[in-house]
Structure formats: structure tokens, C-alpha cells
Amino acid sequence: MIARDVCERVLAVAASTGADYAELFAEKTFNRSINMLDDKVQNVGDNVVAGVGIRVFKGLRSVAASTVDTSEEGLIRCAKQAADALGEGKAEISIVLKERRFGNIHPVKLVPGSESLARKTAILKEGYFAARQADEAIVQVNGNLIDVDHNILVANSEGIYAEDRQIRTRLSITAVADKGQGTQTGTASPGARKGLEFYEEDINPADVGKEAARQALVMAGAGYCPAGVMPVVIDNAFGGVIFHEACGHSLEATSVAYGTSQMAGKLGQQVANEKVTAVDDGTIPNAWGSIDFDDEGTPSRRNVLIEKGILKGYMIDKFGGRRMGMEPTGNARRESYAYVTTSRMTNTFLLDGEDKNEDIIASVEYGLYAKDMGGGSVNPATGGFNFAVKEGYMIRNGQVAEPVRGASLVGTGSEILMKIDMVGQNLRRAQGMCGSRSGSIPTDVGQPMIRVSSITVGGR
């Protein structure tokens, strides 16, 4: 992407005013999308994001600059701007880069950019019309197929010179149903760090459409959820968004390093029920949130965050690590060159426990079963959250009963962690896009079925 000797000269300029660390991040990303609505293709998108971000540290000072001019002259100008902003001083480090190969455990058989638009449209149509034709109560379907070809180069004053190519694809189907009680939606959106073989080897596009329609139809016939404090069973896959949002962000150096996290200073302490073990693992082959190395050149790894209720680690980037006096963990990520890298999650999930799923449901006399979760909001400083339940059912006398709409879960991360008193054995992950200070990035969330002994349920 950029020759090694050019990177050396650019980094030398960036470090020329006394920086003790200098970094160059270059990318060229191809984003492609197809959208279907009203039974026809509405939009076909194809865009390229290309540019370079340069960053320098001096102690606990950090300066970043970016440019779309990737000529050597343009890069030198950008590097000089960063150096000048850092201050006046003399060069203290020498720049010698050596190429690094971190391996690639994410094989791609059918590169989306090399496949025809007709082939990709056929995949989308299969999912779209499976939802559209599922039932006469389905009044609208929106379908999207995306693929991303993200090419990056990281070069820094620690000697790293490494390139990576990250190919991802995702199918998203949203169905709207109306049974005379108002419209309700259902969504299914699987994705992977794979090519179009994902739709042949891993999922059936028609099944994606049918699942979106099923959820919409169930919720369209549901009454409203009663409000109150009650036990809640949260199922697997996207149920893991609760941990991701309410607890995961509080374990990122982005907030921990500045003391604005509910988890700051609690290493070695019990922060969850002893049944809870949580990890962030960016090394899972072909997983949506996996990376070979992070956007600072640190190899990805499996990080145990909470083990049997004890806080074991944080997710740390280089600058956050300086403030914390800790080593980076391979979690530095950014949406693009235009963002400053911060600590972020990759694939974050709770591990299977020892409880049987049927026993978890049977243990609840009266409560809520959250089969699928939706979006919400969280404050990392307090851990306070509010999440919508996309698909919910009442539990009565240990049995899953009638579906209910309009449910939400309200609480704090520290509270919910301690109240997870049963953990099932059906771990599954789901895909999402996580937004934070360094932009929107692909992440997996996941968990087995869990029971929260009591939590505030919003409803009617």
C-alpha cells in the first residue's frame, strides 16, 4: 500500500520534535451494498474510503492528523503537522521497520468484489422473498446485502510494518407485520469475516428471511408486557448485547484509563456472580469481529475479562495502556483512518455454564423470557442501561406462555452481573456494529441462556 522506506521517512518526520512513539495507519476500503424494498432493488452502493492517519505520543500527550493525499509529499506534510502540534524538541527515536506477518486464519473462497452483481442480488432476493411470502400479514420487507473489503497497513516506531485484508459480508432482512393491532418488526442479520461462500456453507438466505418474518408475526399478535421487578431469562446470541453494552464498554481502557468506568480499580475483585465467565476473543476463525492484529499492530488474542465472577482484565490500547501502566491487549480499533484509535471489543461473550436450559425456564414461577434483544443506551461511568426486548414472552408456572410486546430492561451493569444466578449451555454469537469514540466497527456479541434473578422490566 505504502512502501516501507516511505513509511520510515514519514515516521521520522512525525517523531522529529521529540515524540517517543510514532504511528502510521493507512487504509483502502471498498464498501458495497444492495438494498431491496417494495419487491425490487432500490439502491446499489459502491464506495471507496482511502487515506492515512498519523499519530505521535510523548509521555501522556497524543496528537493525531490524517490526510487523503497518500503521495510521499502529502504524507510528509501530514506528519509535520502532527510533529509541530506535539511541540518543540529533537528526535529521540530512530525508525527501522521490519515486515511482520501475523498469519491469516480467515480463509475467503469467493471474494465478493470478484463476484457478479447478479449473483449477489440473487442471494438478497432469496432472503427478501422468503420473508415477503411467509404470510399475508407481512406488509413490508426491507433487505440489505453488504460486503466490505478492508485493506490496512500499520507501521510504527516499534518496528512494525504489517498489512492485512479483512473481507466481510452480511445479509439483513427486516419484515413488518400487521395483524390489526399495529405494525411490528422482525429482523435477522447474520454476517461473517468470509466471502459469498458464507451463504452456501453457513446460512441459507431463505432461512434468514423466514426468521425475520416469524419474529414480526409473533410480535404482531402479542399483547403488552406488564411492568415491574421480576426474574428475567435472556436467551443466547444477541442477548449478549446486554453484557456488551452494560459491562463490556466499562472494561475498555477508553473509560478505565480515565477513571470514568464503574470497573476502574477493581482488578481481582468479585464483580459478578461466580457462574459468570466472560471473554473477548478476536482470534475466532472467520468471526465477524475477528482481527489478525489490531489497528496499532498488536496481535489479536483471547482476553479473559471475568473469570468465575472475578475481574481478570481490561481491553487496552497503547495510549490507554500508558495511562494505566499496562500492556496493550490487541483491542485498538477504528472505523477508518479519519478516527483516532481507541480500545474496543472484538467478539465478546459469556461462556457456557452448568445449568440446563429447561431448568432455567422451569425455575421461574412468574417472569419474562427475552428471546431476542434490541437496541438500547448505556452510561459507561455508571453502567446504567435501558434495553428494548425485540421478542419477549411471559413465563408462568415454569412454562413459556404468551408473547408480549413493548418490554424493556432497566438497570446497571454491576447489578445485573451479580444477579445472573443461572447460566445455560447454548452459547451462540450474533453480529452487530458497535459505535464509540473511534467510530463504528464490526463486533460479535453472545452468551448462553441466562437467568437474572430480578430486574426492572418496563412495560404497561
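Values as computed for the structure displayed
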{"read-out": "Total residues in the range 161-194, condition among the small types (Gly, Ala, Ser), farther than 19 Å from Asn347 by Cα and crowded, with 24+ Cβ neighbours inside 10 Å", "value": "3"}
{"read-out": "Conditions (1) hydrophobic (A, V, I, L, M, F, W, C); (2) surrounded by fewer than 16 Cβ atoms within 10 Å (Cβ to Cβ); (3) closer than 19 Å to Met230 by Cα; number of the one not met by Ala381", "value": "(3)"}
{"read-out": "Residue tally, condition without any contact (Cβ under 8 Å) to a residue 60 or more places away in the chain and either crowded, with 24+ Cβ neighbours inside 10 Å or of a type outside the set (A, V, I, L, M, F, W, C) (or both), over the range 264-295", "value": "7"}
{"read-out": "Considering residues of the range 409-441 that are polar (S, T, N, Q), outside any loop (DSSP other than H, G, I, E, B) and at pLDDT 95 or above only, the residue surrounded by the most Cβ atoms within 10 Å (Cβ to Cβ)", "value": "Gln431"}
{"read-out": "Among residues of the range 232-260, those that are assigned to a strand (DSSP E or B), under 28 Å from Val404 (Cβ atoms) and in contact with a helix residue (DSSP H, G or I) (Cβ under 9 Å, 6 or more places away or on another chain), counted", "value": "2"}
{"read-out": "Output for the range 219-234, where each listed residue is within 24 Å of Gly446 (Cβ to Cβ) and surrounded by fewer than 24 Cβ atoms within 10 Å (Cβ to Cβ)", "value": "Pro231"}
{"read-out": "All positions within the range 148-171 that are more than 16 Å from the chain's Cα centre (by Cα), of a type in the set (D, E, K, R) and within 17 Å of Arg193 (Cα to Cα)", "value": "Asp149, Glu163, Asp164, Arg165"}
{"read-out": "Answer residue from the range 296-335, given it is buried (at least 23 other Cβ atoms within 10 Å of the Cβ) and hydrophobic (A, V, I, L, M, F, W, C) and is nearest to Gly439 (Cα to Cα) among those", "value": "Ala332"}
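The values are calculated or read from the model by the stated rules, or taken from the named source; none is laboratory data. Bear in mind the structure is a predicted one, so any value in this text is a computation, not a measurement. Positions of Cβ are generated from backbone atoms using ideal geometry, with glycine treated the same way; all protein chains shown enter the neighbour counts.
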